[in-house]
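The values are calculated or read from the model by the stated rules, or taken from the named source; none is laboratory data. All values reported here derive from a predicted model rather than from experimental measurement. Cβ: placed from backbone, ideal geometry, glycine included. Neighbour counts: every protein chain shown. Keep in mind that these areas ignore ligands, DNA and RNA; they rest on the heavy atoms of the full protein, side chains included. Shrake-Rupley method; radii C 1.70, N 1.55, O 1.52, S 1.80 Å.
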2 protein chains.
Amino acid sequence: MGEENKVTLHGMWLSPYVKRVELALKVKGIPFEYVEEDLSNKSPLLLKYNPVHKKVPVLVHNEKPINESLVILEYIDETWKNGHRLLPEDPYERSQVRFWAVYIQHVMECMLNIFTAEDQEKACEEFYQKLGVLEDGMKNMFPVKSRNIGLLDILIVVAFGACKAQEEVFGLKFLDPKNTPLITSWLNSLLELPVVKESVPPHDKVVSFLRFFKESSSNAQAY
Amino acid sequence: MGEENKVTLHGMWLSPYVKRVELALKVKGIPFEYVEEDLSNKSPLLLKYNPVHKKVPVLVHNEKPINESLVILEYIDETWKNGHRLLPEDPYERSQVRFWAVYIQHVMECMLNIFTAEDQEKACEEFYQKLGVLEDGMKNMFPVKSRNIGLLDILIVVAFGACKAQEEVFGLKFLDPKNTPLITSWLNSLLELPVVKESVPPHDKVVSFLRFFKESSSNAQAY
């Protein structure tokens with residue numbers, strides 16, 4: 001990798017937003033350096049590269065920083081145009097992918113909200129409602145028929161890839177093949193791909209973190 | 001306008017998200033039909049074209065619907081490529097425009113939140129903090145130097161174009177040239193452009209609506 005094309009990703013191992021970028025870079029075959037950030041003690045470089053949000057992921061390409069995971073994914077696709085593309089060429093298809101990309105972000109945020117919500121039942125209800133809409137919408141997108149990993153595949157695998165660990169710790173069933181057969185089978189086929197396998201955080205490590213998180217939250221509520 | 005290139009915008013006169021699309025179409029010189037929607041009695045067409053959110057704006061191009069204002073603006077720019085472009089060609093510059101587009105959306109939502117917030121002082125504080133960050137960020141974007149109206153110009157004029165009416169009704173100073181000289185002068189120069197003048201809702205109509213809205217809100221709080 002020449003200095004003229006230096007790519008660095010500042011991330012945190014558990015962040016789904018970082019995982020999106022990591023997976024996109026791997027899928028496109030772009031060599032990059034990874035810098036793990038300690039979010040409790042943010043590095044001067046992170047603060048310099050993302051002064052607005054001070055968050056990961058930050059992609060730095062030849063000293064120029066790009067922030068916000070969806071913005072980074074579009075940048076990656078527009079900069080490395082040869083070979084595999086994450087978004088379709090057709091403007092209408094691109095618009096549909098972008099629409100569902102934003103929607104999947106809402107669904108993922110609703111799911112993460114369940115872990116901290118005071119009214120967990122209500123948070124679950126909202127999540128399942130949105131998940132049902134996503135399942136319906138995906139029927140028209142036929143993403144499973146695509147042989148190349150695209151933007152929506154990346155978002156789906158990152159949103160739901162840790163579901164088994166989350167279900168184990170929180171005792172909730174997030175994805176049920178009966179209710180969401182398309183998303184479930186789509187996710188399972190993505191999780192079999194080597195590039196995905198090497199990117200998802202290890203199951204045991206996620207379970208340990210979630211247990212710690214769950215205990216800290218319940219202790220915080222108890223005092 | 002041939003039937004092979006039929007463009008319809010479903011909107012609501014006061015919606016800033018609709019105004020973004022209307023302005024983009026006018027700036028690019030794309031002929032379109034406008035359909036005013038009654039949001040208290042949504043039309044079957046609106047529900048058909050935006051079954052997920054059931055909201056305006058919806059752009060329908062040759063019977064195919066596109067939803068979400070930022071997604072629509074990208075679609076417009078990618079579909080009508082000749083002539084005026086809303087986004088720059090360079091991928092890095094595009095990423096910066098997209099980053100600030102999302103940020104301007106946050107700032108606008110914070111401003112709209114002031115009108116309904118229980119703790120108006122806190123809502124104002126949050127808005128001014130975010131507005132200050134936007135003012136700083138725009139220094140590096142040099143948008144005022146551009147002679148063509150771009151995506152950020154559209155978002156700025158829509159976000160702050162009704163500030164005078166809002167200030168008149170709510171007695172708050174949203175934009176102060178002392179604190180945000182760049183955004184204020186940028187907005188003022190945009191408001192002078194004929195294409196903008198014919199797109200912004202009439203001042204008196206906005207004031208009437210806001211007065212009605214303010215009275216309804218205070219009555220609702222009183223009972």
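Just grab the label-to-label distance for B:Gln120 and B:Lys205, each label 7 Å out from Cα along the Cβ direction, in nm (one decimal).
Roughly 2.6 nm, to one decimal.
Determine, from the Cβ-Cβ distance of B:Glu168 and B:Asp136 and an R0 of 30 Å, the FRET efficiency 1/(1 + (r/R0)^6), rounded to the nearest 0.05. Could the numbers behind the result be given before it?
On the way: r = 28 Å, r/R0 = 0.93.
Between B:Glu168 and B:Asp136 the formula returns 0.60.
Charges only on Cβ, +1 for Lys and Arg, -1 for Asp and Glu: so what's the dipole of region A:98-204 about the Cα centre, in debye to the nearest 20?
With only Lys, Arg, Asp and Glu charged at Cβ, the dipole is about 560 debye.
At 7 Å along Cα-to-Cβ for each site, give me the label-to-label distance between A:Gln129 and A:Lys178 in nm.
The two pseudo-label positions are separated by 2.2 nm.
Antiparallel DSSP bridges in chain B: what percent, to the nearest 5?
65
For B:Thr116, A:Thr184, A:Thr79, what's the largest-to-smallest order of accessible area, 1.4 Å probe?
Details: B:Thr116 85, A:Thr184 20, A:Thr79 45 Å².
Greatest to least solvent exposure: B:Thr116, A:Thr79, A:Thr184.
Based on DSSP, what percent of beta bridges with both residues in region A:1-130 are antiparallel, to the nearest 5?
Percent antiparallel among DSSP bridges in region A:1-130 is about 65.
Report the antiparallel proportion of the DSSP beta bridges in region A:1-61 as a percent, rounded to a multiple of 5.
50
Hey, which residue of A has the C-beta nearest the axis mapping A onto B, and what's the distance in Å?
Axis relating chain A to chain B; nearest Cβ residue and distance: A:Glu74, 5.
Sort B:Leu9, B:Leu47 by accessible area with a 1.4 Å probe, largest first.
Putting B:Leu9, B:Leu47 in descending order of accessible area: B:Leu47, B:Leu9.
Residues of B:92-105, mean number of Cβ from any other protein chain within 10 Å of their own Cβ, rounded to a whole number?
Partner-chain Cβ atoms within 10 Å, mean over residues of B:92-105: 5.
Evaluate the distance, in nm, between pseudo-label points positioned 7 Å from the Cα of A:Glu215 and of B:Ser40 along their respective Cα→Cβ axes.
The two pseudo-label positions are separated by 5.6 nm.
Using 0.36 nm per residue, how much length does the chain from A:Glu63 to A:Leu193 gain when fully extended, once their Cα-Cα distance is taken away?
That pair, A:Glu63 and A:Leu193, stretches by 43.6 nm at full extension.
Sort the following peptides by mean Cβ neighbour count (other Cβ atoms within 10 Å, averaged over residues), highest first: A:32-41, B:23-32.
B:23-32, A:32-41
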